[in-house]
There are 2 protein chains.
Amino acid sequence: MKLYGAIEAGGTKFVCGFGTGAHDLTVALFPTTTPDETLAPVIEFLKQANLEAVGIGSFGPVDLHPGSPTFGYITSTPKPGWTNCDLAGRVRAALGVPVGFETDVNAAALGEARWGAGVGLSDLLYLTVGTGIGGGGIVSGHVVHGLVHPEMGHISIPHDPARDPFPGACPFHGDCLEGLASGPAMMKRWGKAPERLPPDHPAWELEAHYLALAAGNLALTLSPQRIVLGGGVMRQTQMFPMIREEFRRLLHGYVRHPAVEQEIGAYIVGPKLGDRSGILGALALAEQAAG
Amino acid sequence: MKLYGAIEAGGTKFVCGFGTGAHDLTVALFPTTTPDETLAPVIEFLKQANLEAVGIGSFGPVDLHPGSPTFGYITSTPKPGWTNCDLAGRVRAALGVPVGFETDVNAAALGEARWGAGVGLSDLLYLTVGTGIGGGGIVSGHVVHGLVHPEMGHISIPHDPARDPFPGACPFHGDCLEGLASGPAMMKRWGKAPERLPPDHPAWELEAHYLALAAGNLALTLSPQRIVLGGGVMRQTQMFPMIREEFRRLLHGYVRHPAVEQEIGAYIVGPKLGDRSGILGALALAEQAAG
């Protein structure tokens, strides 16, 4: 069996792993400090195994274009020390194996497609709702990243100030999806961290409304065979039935398919890999990089 | 050189053609009446040529899933006589060649990708704005059609009733994109057909705003390398500069790429194939079907 390496590069920690698949992954965590300090133990950990390839799902913004001189870089991040960091290149140089590279949320989408809620499907949408909101799409088995990479968290959705006077928390767009529905947006609107709001608080109905609007727009655009909603805010699983119902109400007969009309409980779901979507997506990237 | 056949199946006319590519297409038009009456001259016309395969871009809704028992059918259309019409099957049976099948707007997207504004690009968005609004996406060279097919015209966008008190014209969703910005929506709002509104009428600024909102959402979701805006309403070419400016204003630094930041005139463009995007897309489908 071939061994693959995986790195989920996050702003606070790097999750690293190696294995042959989802069932035998050995994992280690390292705090994110400077690139040198962070990558040294990551490389040391991965050197234990005789790897065919490594996959990286990274925080961003990143350059995903193989032809670009900064391919595999973290580019214009505000995170100190990481601007123009050649993450993929450093890992490749240190380990001497092919390296696959994607955004963190694209990797998570790929992880769910390979071993989780999207097994057997060619078209999948993964949306993470937490500190930020991000989306990864799989179309005909390919991760969506054309000109740059999707920024689904920043789509514009209807916002009725009579129902929700909160102006939105996005520094770039005010009341875009992330500005209305991220964890920090909830915190600002209600004055409490989302996990401290009781399950029957009206916050959840409003949140479900925004996420249903987003899921509807994304479904009308990408036509996924399943929608996976993950991230910290979606641990509030009471929202799933509310989102499903609101999604159908808003679509009003559009997306005519039994998956939506009769089996929506299997259409809008949580991640099957829990919080391992990202690291297993990185492992799937390694498989692809090995060719 | 191999000869291919093409059918652009519309609600009022069938455009048919055969040729080896965009430069030598022989075209004929037949009015859409009943399936029998319409298909007889279409088949007769295509039988003139010794075809390798035929491609069809069809009005819908259609079934695009090769595994489905109704693959290649027009399914639940309100158009009399066409419900459950096995369009692809009838053409295949009559001509004895492989048949490629897509929605009309997916075919137009493919046509622009193959011979028009998207040549050399792997990721393209084509949006048509006319009697309805529809979008076709190409991701990594593949036409987007997962669960069903996209219905990008029906995405929800912000609608400020203080700026635009018109409630929207979509019978399903009221003020979705199509409800706010299609030709019929403009006609209802202003009491005049769009082509009769002067180029400096405030209608065009509002229309450009809605189309920029839509283009922004679709770009944040699909990350296309270029956006092609076609259809009757886009013949008002004074809108292109307005849409480009509003697109950048609304994105506010998102989609950081020279294509958007420095060369937006080449990023949001009209169709290069004029009104031949659809029929040439059908020809591209025939090429694909021939394998």
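The values are calculated or read from the model by the stated rules, or taken from the named source; none is laboratory data. Here the structure is a predicted model, which means the values were calculated and not measured. Please note: Cβ atoms are built from the backbone with ideal geometry, for glycine as well, and neighbour counts cover all protein chains shown.
See the values below:
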quantity	calculated
Enumerated helices (runs of 4 or more DSSP H) restricted to segment B:181-291, each holding at least 1 residues that are aromatic (Phe, Trp, Tyr)	B:183-190, B:202-222, B:239-251
Residue within segment B:91-100 that is touching a Ser or Thr at 6+ places or on another chain (Cβ under 7 Å) and either at pLDDT 95 or above or not basic (Lys, Arg) (or both) present	no
Counted residues, segment B:12-23 - those being over 13 Å from B:Val42 (Cα atoms) and either surrounded by 14 or more Cβ atoms within 10 Å (Cβ to Cβ) or touching a strand residue (DSSP E or B) at 6+ places or on another chain (Cβ under 9 Å) (or both)	5
Breaking point among (1) buried (at least 24 other Cβ atoms within 10 Å of the Cβ); (2) within 30 Å of A:Cys170 (Cβ to Cβ); (3) away from chain A (no Cβ under 11 Å); (4) not small (Gly, Ala, Ser), for B:Leu283	(2)
Matching option when the condition is more than 19 Å from the chain's Cα centre (by Cα), in contact (Cβ under 8 Å) with a residue 12 or more places away in the chain and more than 22 Å from B:Ile138 (Cβ to Cβ), among B:Arg196, B:Arg189	B:Arg189
Criterion violated by A:Glu195 - all others in (1) of a type in the set (Asp, Glu); (2) touching a Gly at 6+ places or on another chain (Cβ under 8 Å); (3) surrounded by 15 or more Cβ atoms within 10 Å (Cβ to Cβ) satisfied	(3)
Extreme residue, surrounded by the fewest Cβ atoms within 10 Å (Cβ to Cβ), among residues of segment A:251-260 that are at the interface with chain B (Cβ under 7 Å from one of its Cβ atoms) and among the hydrophobic types (A, V, I, L, M, F, W, C)	A:Ala259
Any hit, segment A:81-88, residues being assigned to a helix (DSSP H, G or I) and out of contact with any Ser or Thr (no Cβ under 7 Å at 6 or more places or on another chain)	yes
Options A:Gly179, A:Gly153, A:Gly146, A:Gly136: the member that is buried (at least 18 other Cβ atoms within 10 Å of the Cβ), small (Gly, Ala, Ser) and facing another protein chain (nearest Cβ under 7 Å)	A:Gly146
Of the criteria (1) under 25 Å from A:Gly135 (Cβ atoms); (2) in contact (Cβ under 8 Å) with a residue 40 or more places away in the chain; (3) of a type in the set (Val, Ile, Thr), which one A:Thr77 fails	(2)
Candidate set: segment A:225-240, residues that are surrounded by 18 or more Cβ atoms within 10 Å (Cβ to Cβ) and polar (S, T, N, Q); chosen: the one farthest from the other protein chains (Cβ to nearest Cβ)	A:Gln236
Complete set of residues in segment B:1-51 that are charged (D, E, K, R) and assigned to a loop (DSSP other than H, G, I, E, B)	B:Lys2, B:Asp24
